[in-house]
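Reading through the structure tokens given below for one structure.
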Amino acid sequence: MANSRQYYPSQDESTSPTSVRSREWEGPSRWTEYLGPEMAASVSSRSSKHTSSDGHVQSSGGSTKALNIQWVVQMIEVAEGLMAKMYRLNQILEYPDPVGHVFSEAFWKAGVFPNQPRICTLLSKKFPEHFSKLQLERIDKFSLDSLHDGAELHLQSLEPWIQLLLDLMAFREQALRLILDLSSTVITLLPHQNSLILHAFMDLFCAFVRVNLFAEKIPRKMLLQVYNLLHALSRNDRDCDFYHRLVQFIDSYDPPLKGLQEDLNFVSPRIGEVLEAVGPSIFLSADTRKLRNEGFLSPYHPRYPDILTNSAHPMRAQDLANVTSYREWVLLGYLVCPDELLRVTSIDIALVVLKENLVVTLFRDEYILLHEDYQLYVLPRVLESKKMAKSGRTKQKEADLEYSVAKQVEKMISEVHEQALQLCDTIHRERRILLKQEIGRMVLFFTDQPSLLAPNIQMVFSALALAQSEVLWYFQHAGIASSRSKAARVIPVDIDPNDPTIGFLLDGMDRLCCLVRKYIAAVRGYALSYLSSSAGRIRYLMGTPGIVALDLDPTLKGLFQHIVHHLETIPKPQGENISAITCDLSEFRKDWLSILMIVTSSRSSINIRHLEKATVSTGKEGLLSEGNAAYNWSRCVDELESQLSKHGSLKKLYFYHQHLTTVFRNTMFGPEGRPQHCCAWLSVASSFPECASLIIPEEVTKFGRDAVLYVESLIESIMGGLEGLINILDSEGGFGALESQLLPEQAAAYLNNASRISAPSMKSPRVVGGFTLPGHESYPENNKSIKMLEAAIQRLTNLCSVLNDMEPICVINHVFVLREYMRECILGNFKRRLHTALQTDSDLQRPSVLESLIKRHMSIVHLAEQHVSMDLTQGIREILLTEAFSGPVSCLHSFEKPAEQQQQNTGSAVEVVCNWYMDNIIKDVSGAGILFAPRHRYFKSTRPVGGYFAESVTDLKELQAFVRIFGGYGVDRLDKMMKVHTAALVNCIETSLRANRELIETAAASMHSGDRGERDASVRQIVDLDTVIGFCIEAGQALAFDELLAEASGAVLEDNASLIHSMISGIVEHIPEEIPEKKEIRRIKGVANGTGVAGDHDSEWVRLILEEIGGANDNSWSLLPYFFASFMTSTAWNSTGFNIETGGFSNNIHCLARCISAVIAGSEYVRLQREYQQQHESLSNRHHSSENLDSEFQPRVTAEASIKSAMLLFVKFAASIVLDSWSEANRSHLVAKLIFLDQLCEISPYLPRSSLESHVPYAILRSIYTQYFSNTPSTPLSTASPYHSPSVSLIHASPTMKNATTPQRGSGSSGAADSGYFKGSSSSLYGHDHYNEPETGTSRSSENNNNSKQRGSSRRSGPLDYSSSHKGGSGSNSTGPSPLPRFAVSRSGPISYKQHN
């Protein structure tokens, strides 16, 4: 290209026509630009030898002819280079249509042609007229001036492509001369006599035709006309030197088939002979029945299974490897040599090939429409011959036969297009099915009998070549649109994109090539043995009398001696180290080709016929047959890989890789798809970069990048299919259908319905009462789902096994290891499924359901894990760990807190769950009326929280499922979030305590002095008392939830690690009690508290919170009992009511008792610990020994005594406030407060039940509980009138939900009575030692409901004296406006409360 750029703009000697012609005729070395490095080097070396020893070459005519075969190979390579450049030009110009003069916008912006469409298009249309005759000034003067100004730049951009036109012209002349030389000098071109020279000759012939047909697709006319115009504008209106010759060349090939038919008319008879000779092989390849029945592609004879080698027709079976070339010869040969169709046998050959093809591929994915060109350029020649034969029929008989043949050819060409449109896909599908079966059997046979692979290697090549041809045909014809001969409309060819045979062929070819590569040493060893034995046979034939009598000339004799020498010096395959033998037989093949060129030349005194006659009398193979066989077997020694690539490579599929991806996606996971085929689909990409032409450097990068993208796209599809199979199994219609179980009530209804059927039908298992009968899965109409599951499992295991065993796919410098992709896919899919399963359509998924979903998915992973050599379970555990631990993984086994900015790296799943529990249960942001039910030990809600009631997600079973899913790290995360929330609430308590310190001190003093008025006045002035109570209730909720979580953690730990659980329990019992506690002791206590082993969970939890936030650090905390006692004056008590079903109050105020107990106990521990440290520091500063302090200070006794004292103080003054605040006008809150104090004594481990007896006699409490458990359990006490008795509200009992697993103890419905849950003499509301759970709560409920009406009119007496009426506001637990039942007790009681201090 550098020479061409110097050549045209400058006015030196190279611009002369003589210089151009000398460059064109300087011989094969002028084409080094279009040749690969190896061939270019060989050309230059041959050229130097030719010039240095010219006299020697002339003295040996045979040696000169021997070079012709190398020139043929070189010209074929040059043709590939020329087409690669034309292909690149078309890419740059966005594939223009020069015949129709249609050019896109991108064409003009490509930078090749000037962006002057009017002038350039006119020059192209008016070709071959000279631009001077077109009056361009009148058409577009402005564009012409613009061309004149930028002429030099435009010339430089056009120079490389003008040089391409010159090269095309030179190639035409040299290739034509070479074709004429071979056609006129080679004696025979029959496949069974001279196949090597025949293939070289026909390959050159086809390459010549393809180059000139492809040249029509580039804008040749515009290129030459515009270049000449620019040259004239810059050179004073002087045409370029080669203009007229190029005009003549382009015009003679416009259209190309016209010029080709004229140029190749002189070789037409030889082409006709060749096509007739290859006809039998083409007929055989088209007869699928004969191929199958006669076993042409079988390693054993189908009729004689004892014969393991196909000895019936070995040569014909080997010749099948060339059938693809033969078909191309026929299609192109008759297209450019139409007169040869008038031969008697040609019509059948052409019909077979034309009927199964619609296009002829020129280069890569460029093609021409076959039948259209036959009708445009072949049919007129046939009609002309028919006309001439018709006019001469009266003179000679031969004309009559010619007329009849021409008439048949005319009919065939007119009808074959319609036949091809209808039958081509069917024909090739049948052929693909045959090859699928034959190659499959071949793979199984050679896998079982690898020793027979080497003798049948030629047959393997034939099978690979046929399969390669069929796969390429499929993709070459996919998406083709062809127009019918008799109609103008264009119809698409019906190529099924869901054809599964493509995958089978790709897989069969890949496995067959892998077998050959696996046993390549055996094939080489067999070939070496054959060549060694062939040396003896050739030497014997050379010594026969016939050969001696021929008196070979010295040149030919020397070549035969070289052949024998080459074969005799071949290393003998001994032992097992055959793969280490290096043997280059290229010189042997060159010498044999030289012999063939000599003996097949018409100028040689001894030709092929002489040699055959001289050796045929021996009764063995002739000399040339032995040599040709040795030539073929020699390629199995040092060129086996290239042979395998030639017949089995699918690198041309690169140009159809987008459609390849589509077919893969349609067939891979289709009904007939096979997961093991994905190896072959992927391995195809390894050869894609080989399609790149070395003369176009940018192609290497582009093709490699496209190959990588293709592999990545297929891997994405494969992993998507793998993920889809897993998801199919992990669905309600998959393994979920196998896990479906009946609820107890469903099972009972099922049994009742089944028992009513006296004689069930055996033909159809009808659904009875909404349930199917046993064994319904076994009936044909019901087992489709089971079959689907079995198929999915089979495909999943097969795919996993294949991906696990697949070799790495190497494309350029990329290595794809499918095992790693599979692992990432399975683990990534599990992670995505986990995040998806966390959320339902409405809200968070229940932990128990989530656990079952994870177990179901894990069972599928375990199923896949059995077929792969990797630990997928470990990966699943790592994912669960990262989803459960919030923070960097480096902090997993350390007790240091991770930085706040690093906490969001992991633990996204547990964050979602924990945030949901915090927002919806602890904080109740949705306002669902969350209540803690101490009796049932779960939280309840008045309406669903998301998709479930609160009890469905907070009972121990659900929390245990949460612990099993997220482990200890998930528990720690939720515990930490609750601690942070509780710490904020404790800070609010502390803030209020400090803000109201003076008022609380005044109230405390008045409490001790008994000044009720001053006490009440001070308490009323406390700011935001109700707000602080709300904070305390919320803190109590967090304490209750954390205790449930700790209990669930302990249960899971005991089930799964009982030794660790017992060890922690044992350690806690023997931990020394000391203040301050050591760090290790504190850590062990924290673990014990988190697993429910510690005795006092609440106080220990609050103690840790106070230590972390630095709370209880001043004297104001000593006023805490008085501050809590003032809560008894809050208005929150006016709207609450006790519920015996939940064991708590309607506004959750029972959680206040838990908060009071825990905060007082925790603050006292922290206060005592701080006092001890202060005393210890003061003694240390005074240099006194701390032994006396340690001996005198008993930490646990002191702490417990201090806590008990504070609690007793609170109870005393709280009871005093409660009893003092009661009056006839305001007494609705009295019962709730008394029950609250009783619950506090029950909760606190430091407050004996007897401590309340001194302030509130037990008879009062017993009377209250008696009324609750003996009256109607459907009415709250808070709304009772003075004449009504305390009762209970069941408004918070959530309805039973479908598939809910929340325990409903002793109750079948939400309206069931709970009066039978406790004994009447029970003194505890929810203590385990004081109540029993009956089995038949429903019957008791109806009984109590009936009795409630009778008690409505009974005598009202009881321990409390109600004298005035009070209309209490209905709380959230109200059941309606109906009047409430009255007390069924006497008005007179043992104690009368008026003014009691």
- Note on the structure: Within the stretch 523-533, residues surrounded by 15 or more Cβ atoms within 10 Å (Cβ to Cβ) and either acidic (D, E) or more than 15 Å from Q458 (Cβ to Cβ) (or both) come out as G525, L528, S529, S532
- Task: Evaluate the following for I1071: is it among the aliphatic types (A, V, I, L, M) and in a helix (DSSP H, G or I)?
- Result: no
- Is it fair to say N996 is crowded, with 20+ Cβ neighbours inside 10 Å and polar (S, T, N, Q)? yes
- Query: Would you say T615 is within 28 Å of E587 (Cα to Cα), touching a Ser or Thr at 6+ places or on another chain (Cβ under 8 Å) and of a type in the set (V, I, T)?
  - Reply: yes
- Check on V1102, part of a helix (DSSP H, G or I) and modelled with pLDDT under 85: no
- Task: Kindly indicate whether any position in the stretch 1038-1049 is surrounded by fewer than 22 Cβ atoms within 10 Å (Cβ to Cβ), out of contact with any Ser or Thr (no Cβ under 9 Å at 6 or more places or on another chain) and without any contact (Cβ under 8 Å) to a residue 40 or more places away in the chain.
- Result: no
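Residues checked against (1) at pLDDT 80 or above; (2) of a type outside the set (D, E):
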site: H1070; (1), (2): yes, yes
site: E1073; (1), (2): no, no
site: I1081; (1), (2): yes, yes
site: G1095; (1), (2): no, yes
- Mind checking whether some residue in the stretch 1015-1024 is more than 21 Å from R1154 (Cα to Cα) and among the acidic types (D, E)? yes
- Query: Restricting attention to the stretch 227-248, which residues are open to solvent by 10 Å² or more (accessible area, probe 1.4 Å) and under 29 Å from S268 (Cβ atoms)?
  - Reply: R245, V247, Q248
- Query: Scanning for something outside any helix (DSSP H, G or I) and among the polar types (S, T, N, Q), does the stretch 1007-1028 turn up at least one residue?
  - Reply: yes
- Mind counting the residues in the stretch 115-169 that are open to solvent by less than 60 Å² (accessible area, probe 1.4 Å) and either part of a helix (DSSP H, G or I) or at positive phi (or both)? 30
- If you take just the helices (runs of 4 or more DSSP H) that sit entirely in the stretch 509-585, which of them hold at least 3 residues that are out of contact with any strand residue (DSSP E or B) (no Cβ under 9 Å at 6 or more places or on another chain) and at pLDDT 85 or above? 520-542, 554-568
- Across the stretch 1118-1141, what is the total count of residues that are in contact with a Lys or Arg (Cβ under 8 Å, 6 or more places away or on another chain) and open to solvent by 10 Å² or more (accessible area, probe 1.4 Å)? 4
- Message: I'd like the residue in the stretch 1135-1177 that is of a type in the set (D, E, K, R) and closer than 23 Å to D1096 by Cβ and, out of all such residues, is farthest from the chain's Cα centre (by Cα).
- Response: E1171
- Verdict on K486 being at pLDDT below 90 and either touching a Pro at 6+ places or on another chain (Cβ under 7 Å) or assigned to a loop (DSSP other than H, G, I, E, B) (or both): yes
- Filter pass, K652 being basic (K, R), in a helix (DSSP H, G or I) and surrounded by 18 or more Cβ atoms within 10 Å (Cβ to Cβ): yes
- Of the residues in the stretch 797-846, those that are assigned to a loop (DSSP other than H, G, I, E, B) and either among the basic types (K, R) or out of contact with any helix residue (DSSP H, G or I) (no Cβ under 9 Å at 6 or more places or on another chain) (or both) number 4
- Query: Restricting the stretch 353-378 to residues that are open to solvent by 30 Å² or more (accessible area, probe 1.4 Å) and of a type in the set (A, V, I, L, M), which is farthest from Q658 (Cα to Cα)?
  - Reply: L376
- So which residues in the stretch 313-346 are over 24 Å from P256 (Cα atoms) and of a type in the set (A, V, I, L, M, F, W, C), if there are any at all? M315, A317, L320, A321, V323, V344
- Task: Residues being in contact (Cβ under 8 Å) with a residue 40 or more places away in the chain and surrounded by fewer than 18 Cβ atoms within 10 Å (Cβ to Cβ): count how many of those fall in the stretch 255-267.
- Result: 4
- Note on the structure: Of the residues in the stretch 799-818, those that are surrounded by 15 or more Cβ atoms within 10 Å (Cβ to Cβ) and under 27 Å from P671 (Cβ atoms) number 9
- Sort through T1002, T942, T982 and tell me the only one that's open to solvent by 20 Å² or more (accessible area, probe 1.4 Å), of a type in the set (S, T, N, Q) and under 30 Å from A1112 (Cβ atoms). T1002
- Mind listing just one residue for me: the one in the stretch 846-879 that is of a type in the set (S, T, Y) and open to solvent by 40 Å² or more (accessible area, probe 1.4 Å) and, of those, farthest from the chain's Cα centre (by Cα)? S852
- Query: How many of the residues making up the stretch 214-226 are open to solvent by less than 10 Å² (accessible area, probe 1.4 Å) and either in contact with a Ser or Thr (Cβ under 6 Å, 6 or more places away or on another chain) or within 17 Å of L335 (Cα to Cα) (or both)?
  - Reply: 3
- Task: Filter the stretch 1081-1099 down to residues that are open to solvent by 40 Å² or more (accessible area, probe 1.4 Å) and not in a helix (DSSP H, G or I) and give me whichever is nearest to I1156 (Cα to Cα).
- Result: G1095
- Message: Looking for something closer than 30 Å to G508 by Cβ, open to solvent by 20 Å² or more (accessible area, probe 1.4 Å) and in contact with a Leu (Cβ under 9 Å, 6 or more places away or on another chain) - is there at least one such residue anywhere in the stretch 404-413?
- Response: no
- Among T667, T701, T661, which is the only one that is open to solvent by 20 Å² or more (accessible area, probe 1.4 Å) and among the polar types (S, T, N, Q)? T701
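The values are calculated or read from the model by the stated rules, or taken from the named source; none is laboratory data. Please read all numbers here as calculations on a predicted model, not as lab measurements. Glycine also receives a Cβ, built like all others from the backbone with ideal geometry; neighbour counts cover every protein chain displayed. Protein only, heavy atoms only, side chains kept; ligands, DNA and RNA dropped before computing areas. Shrake-Rupley method; radii C 1.70, N 1.55, O 1.52, S 1.80 Å.
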